[in-house]
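Notes follow once the structure below has been shown.
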Amino acid sequence: MTALVGGGGCGRDVRPVAEGAAPPPLHISLEHLRHLGLDAVVQGTPVRVVALYAEAPDYRPTSSPLRDGSEGIASVDDAARAAVLYLRLYEATGDSLARTEALGLLAFVTAMEQGDGEFLNFIDARGHPNRTVPSGRKSMSYWAARGIWAMGEAVRVLGTERPDRLTNVRPVLGRAVARMTREVNAGRLIGGSATATAEALLGLLALQRAEPSPALAALATRTAELLVPLAAGTETAAPWGAHLDRGNEPWHAWGARSTQALADAAVVLARPDFVQAAQREADALWGRFLLAGQPASLVSRDGAATWFPQIAYGVGPVVEGYLALAEATGERRYSVFAGLAASWFVGDNAAGVSMYDETTGRTFDGIDASGPTAVTVNRNAGAESTIESLLALQSVTSDAEAAPYIRYRAVGGGERAASLGSVPDAREFVGPPPRRDRLVLRRTPAAGGLEIDESSGDGPITLTYWPAANPAETRLATRLVASWNAEHPDIQVRMQPLPAGRSSEEVLLAAIVAHATPDVSSNVSSALLARLVRAHGVVRLDNRAATAARLRERTRPAMLASLRLPDSGIYAFPWKTNPMMLMYNVDQLAAAGVRPPRTHAELLGAFRRLTRDADGDGRMDHWALWATLKTTWFERFYDFYPLYLASSGGVTVVAGGKVLFDNSAAVSALEVLRRGFAEGTLPRSNFVLGRDPFADGTVAMKIIGPWFVKELEDLKVRGLRYDVVPIPTADGVSRDNGFAFADLRSIAVFSTTRHPDAAARFVAYLTSPAADRLLIEDASQLPYRRALASDPRFVTALARWPTLATYATYVERTRDIDIDPDVVEIFDLLSEAYEAGAVYGTMSVRQALTKAAAEARKILDAR
């Protein structure tokens, strides 16, 4: 690695290519849902509820009207689904307000349970339950099923975090599941409905994900098996795989979650036959909706379609069903279909009206028809429409393959079809301006219903991609590029590894000067990114649909906070992280009677007990740890900086133009190294190039990241037993506040690209769950991904390498170097302080750090 060039832009000012402004990612607003939220007291319990109705134009929360039987002000039906929405939001973002809302809504759900697993549905404005209305009587029906769904999700999301928060939920959930079991064991659908049964099944599956048990798995299996035979017809015969509640009743779109539930069951229960059952309705019936250019509301057994009213409660389950199939099968087409189906919410509908308002978060209550061609929009925005649309849009905007298609519009295939039996064989969709990419869906039995043919508005696109040149990453890139090119004939990627033997920084900076940057490059360090941003050399990625969706799926806001530039933008996609931990030789520590150190005092004690003269020549030749004498700036990643971050509570070295490292955590980190050198328990020598002192047993501990695990495997060192623990903290500092150094690597799209949106889609592909699994399995490196250690999609991959699961627990508790154009020079100053204060003791640690901080301030002030 070489020092980066200075100045204001590496010799020139690189400006993004003018392409016209693409639409920003769809904004998900919960403002209207919060507006509908009300406080109530039910059965003596303070709860949160959601008002049933909000009528235009003032959208004041109101009770149900007389025409609906004056049911009340709020229902378990809506509260349970809203709780699922808030729980998902909390899981994705860590937003404590979302958790509070979810718990308040769950309190309402549990207060409406009647002690035997059955539920009432409605309350009036005084909080009194309505016990007589037919749509809400005490029963095991729709509202009970949705209660099970919400409570199961609560256990999955909150169960391990704060079990005490669910004290009132668990007994109610237990009784509800027991009551549901009686229905299922008797072979009865919940509430006589595929909809209710599917939603209850989603709750069982959430619970099984969180707390697996054979009994629960068996119940979920029996429930799913009730749904499978409900699919009637075939791909060519009406009603085309539709899940019907009863023999002669029509299929209805409202809450049609059988496909979603069966696809989820296939994953959770490892039952691939459930995938096939889920695909029947999605491929045959829903495929006809896409070809028809609109969704049906009712489909009779003989295939007659009733097109209106069209409501969010009918469209949202189709979107979520497609996404569940995408996860269960790994087939991209289902994500594309989900995006196209979700376009109904933002204008691709019979009324040509955006039903969802990004500004307010309202969703209109529906589209109806007053004649063969005249359609009207119900501009009221009640709870059900709002919640169902947000559930669907929350999911689709977090799917990088689906999100770009939300703003597509059906243009070909003639008018919207009048009959499902005579839909066109193909329909064309066009993307938003300025590019107006085109997509054609064609009916073909070989593709399981529909095949996708895409073309760019500019014709075929070729992107260049430069991955790192190391063998593991080159192999990974080769596999991913081949898969991408097979799936995207309209956007082909040409891969060229960065030249070996030169640093990524040197190569990319030279490419900028030569006007020869690739479209995409991975392995971009934060030090390089700061320079690229100052040179306007990279494209912002959090305002592109595909990469914005992947960021939502992969990270929480807290994980991105330190990566945002002053304009709040993300200019390189955080790809992989390498949390530095303390690796130790299990047998050497055991032989010396040393436990893995947790504090600086224990670390110094380990230094003294593990340093020894093994060959009896009077000179120490085995040590606890090696801290290099080299003062190259990045060498501090393996000694001072990890020790500092472990004790600083995540405070880095510079931010917002201010020096941060002149503090007690830095003093403690440098002091422990000084004492090691002064006492002769850290070696004042560098080891022979190419020889790893930990692998050969010369040192018993090493500060290192997860990539080293693969190196140890490749070295095939016999008899070496090792493990890892967090970096020791300063004495008196809680380990709960400790952070690990990340050594983050990102993926950048360069401003010279002619195809920023296509490049962003490729970046989203490189950071997909499938690509992340390969990164773990092939390179023993960790994706920068939330909840990585507990995510069931990665448990097997992490188990492929020793200690990797432990490294994964620290992914969200990492800090990289600051994205600051002068961060390299500041680390040079820290290296000088390390040399003077720790290695040779020519000045005190405090003096060395104070001097470095003063020089750093001069650099920052000169900008």
Subset of region 144-168 that is closer than 17 Å to residue 45 by Cβ and open to solvent by less than 10 Å² (accessible area, probe 1.4 Å) - its residue that is modelled with the lowest pLDDT: 166
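Restricting to region 782-794, count the residues that are farther than 21 Å from residue 573 by Cβ and either modelled with pLDDT of 95 or more or open to solvent by less than 40 Å² (accessible area, probe 1.4 Å) (or both). Even if it seems obvious, please write down each step before you answer.
Let us first name the residues in region 782-794 that are farther than 21 Å from residue 573 by Cβ, namely 789-790, 792.
With the extra rule that they be either modelled with pLDDT of 95 or more or open to solvent by less than 40 Å² (accessible area, probe 1.4 Å) (or both), the set shrinks to 789.
Adding up the residues that qualify gives 1.
Touching a Lys or Arg at 6+ places or on another chain (Cβ under 8 Å) and either part of a strand (DSSP E or B) or open to solvent by 10 Å² or more (accessible area, probe 1.4 Å) (or both), is that true of residue 101? Please lay out each step first, then the result.
On the way: touching a Lys or Arg at 6+ places or on another chain (Cβ under 8 Å): yes; either part of a strand (DSSP E or B) or open to solvent by 10 Å² or more (accessible area, probe 1.4 Å) (or both): yes.
Yes.
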Quick one: which residue in 353, 377, 319 is surrounded by 20 or more Cβ atoms within 10 Å (Cβ to Cβ) and modelled with pLDDT of 95 or more? 319
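Residues are listed down the side, and each one gets a yes or a no for (1) touching a residue at least 40 places away in the same chain (Cβ under 8 Å); (2) closer than 28 Å to residue 574 by Cα:
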position	(1), (2)
821	yes, yes
826	yes, yes
836	no, no
850	yes, no
Single residue of 771, 779, 764, 759 found to be under 19 Å from residue 574 (Cβ atoms), in contact with a strand residue (DSSP E or B) (Cβ under 6 Å, 6 or more places away or on another chain), open to solvent by less than 20 Å² (accessible area, probe 1.4 Å) and among the small types (Gly, Ala, Ser): 759
Output the residues belonging to region 86-107 that are out of contact with any strand residue (DSSP E or B) (no Cβ under 6 Å at 6 or more places or on another chain) and under 23 Å from residue 135 (Cα atoms). 106
Those residues that are of a type in the set (Ser, Thr, Tyr) and surrounded by 24 or more Cβ atoms within 10 Å (Cβ to Cβ), I need them from region 526-554; list them, please. 547
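Please specify each residue of region 358-391 satisfying the condition of being part of a loop (DSSP other than H, G, I, E, B), within 24 Å of residue 293 (Cβ to Cβ), in contact with a helix residue (DSSP H, G or I) (Cβ under 8 Å, 6 or more places away or on another chain) and not aromatic (Phe, Trp, Tyr).
Listed by number, the list holds a single entry, 365.
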Taking the stated definitions as given, is residue 723 more than 29 Å from residue 571 (Cα to Cα), open to solvent by 30 Å² or more (accessible area, probe 1.4 Å) and part of a strand (DSSP E or B)? yes
Does residue 696 fit the bill of being open to solvent by 30 Å² or more (accessible area, probe 1.4 Å), part of a loop (DSSP other than H, G, I, E, B) and either closer than 22 Å to residue 723 by Cβ or of a type in the set (A, V, I, L, M) (or both)? yes
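Listed residues 177, 172, 184; which is surrounded by 20 or more Cβ atoms within 10 Å (Cβ to Cβ) and either at pLDDT below 95 or more than 23 Å from residue 225 (Cα to Cα) (or both)?
Among 177, 172, 184, only 172 is surrounded by 20 or more Cβ atoms within 10 Å (Cβ to Cβ) and either at pLDDT below 95 or more than 23 Å from residue 225 (Cα to Cα) (or both).
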Here are some conditions: (1) under 21 Å from residue 442 (Cβ atoms); (2) free of Cβ contacts under 8 Å to residues at least 40 places away in the same chain; (3) not charged (D, E, K, R). Residue 289 meets all but one. Which one does it not meet? (2)
Quick check: anything in region 172-180 out of contact with any Gly (no Cβ under 9 Å at 6 or more places or on another chain) and part of a helix (DSSP H, G or I)? no
Would you pick out the residues in region 43-61 that are hydrophobic (A, V, I, L, M, F, W, C) and crowded, with 21+ Cβ neighbours inside 10 Å? 47, 49, 50, 51, 52, 54
Can you find, within region 590-648, the residue that is least open to solvent (accessible area, probe 1.4 Å) among those that are aliphatic (A, V, I, L, M), assigned to a helix (DSSP H, G or I) and more than 19 Å from residue 729 (Cα to Cα)? 610
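The values are calculated or read from the model by the stated rules, or taken from the named source; none is laboratory data. Quantities reported herein were computed from a predicted structural model and do not represent experimental measurements. We place every Cβ from the backbone using ideal geometry, glycine too, and count neighbours over all the protein chains shown. Protein only, heavy atoms only, side chains kept; ligands, DNA and RNA dropped before computing areas. Shrake-Rupley method; radii C 1.70, N 1.55, O 1.52, S 1.80 Å.
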